[in-house]
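Notes to accompany the following structure.
The values are calculated or read from the model by the stated rules, or taken from the named source; none is laboratory data. In this text, all values refer to a predicted model and were calculated from it rather than measured experimentally. Quick reminder, even Gly has a Cβ in these numbers, built from the backbone with ideal geometry, and neighbours come from all protein chains shown. In case anyone asks, the SASA skips ligands and DNA or RNA and just uses the protein heavy atoms, side chains included. Shrake-Rupley method; radii C 1.70, N 1.55, O 1.52, S 1.80 Å.
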Amino acid sequence: MAAKYWLVKSEPDVFSWDDLKKSKNQTTYWDGVRNYQARNFLRDEMKKGDLVLFYHSNTEPLAVMGVCEVVREGYPDFTQFDPDNDHYDPKADPKNPTWFMVDVKLKKEFKHPVTLDEIKSNPKLKNLKLIQRGNRLSVMPVTKGEFEEIVKMGN
DNA sequence: GCCAACGTTGGC
DNA sequence: GCCAACGTTGGC
C-alpha cells in the first residue's frame, strides 16, 4: 500500500513548527481535532509512513513549514476525557471514544516555507483543498502531485 | 477586528 | 427531518 499524503493545519499560537522541533524525538501527538470528517481521516485513513504537510494557519506566516511522517496510527485522543483540558468533550465515552489522534514525527524542514500566497499563485495547486472557499478542515488529503509540488517549492 | 463560510445544536 | 440560531474558523 503506497503512502498517502495529507495536510494538517495548526495555529502556531497553539502548536507551532518550532514546538515540534523542540518536542522529544521531534514527535508529537496530534490532539484536539473535534470535527467528524477530520476524525475519520485520523481514525481510518492515516497510516504509518504517510507524509504530512504542516501548515501554519491564522497567524503569520501563513505557510507550509515542512513535512512530517505518521509514526503511530489512529488511537483515542485522551484529551477528550480530561475535564481540565481545552478539548474536553463531556459526551465522550471511554469505552467508545469519539475522537482520535495520530503521532507525527518531523521529517524535513523546508528551507523556504511555502506561503499561502505562493500556493494560491501556483496553477498546479488550484485544486488544493486548503485554498478552496470556506474550507475549515484541519486535516485534509492532498494528491501525490500536489504534495510533490509543494515539497519542490519548499526547497 | 471584521465577516463570510461552515458545522453543530436544538426546537418544532 | 427541517432549519434558524449560534459558535468557530481563518483569511483579510
(message) Considering only residues that are touching a Gly at 6+ places or on another chain (Cβ under 8 Å) and within 14 Å of DNA strand B (Cβ to nearest atom), which ones fall in region A:80-99?
(response) A:HIS87
(message) Taking the condition of being open to solvent by 20 Å² or more (accessible area, probe 1.4 Å), under 14 Å from A:ALA63 (Cβ atoms) and within 14 Å of DNA strand C (Cβ to nearest atom), how many residues in region A:5-20 meet it?
(response) 3
(request) Consider A:ARG39 carefully, then state whether it is within 16 Å of DNA strand B (Cβ to nearest atom) and touching a residue at least 60 places away in the same chain (Cβ under 8 Å). (result) yes
(request) Output the qualifying pairs, or none if there are none: Cβ atoms under 7 angstrom, residues six or more apart or on different chains, first residue in region A:119-136 and within 13 Å of DNA strand B (Cβ to nearest atom), second residue assigned to a loop (DSSP other than H, G, I, E, B) and modelled with pLDDT under 90. (result) A:LYS129/A:ASN135
(request) Of the numbered conditions (1) at pLDDT below 95; (2) on the phi > 0 side of the Ramachandran plot, A:GLY49 fails exactly one; give the number of that condition. (result) (1)
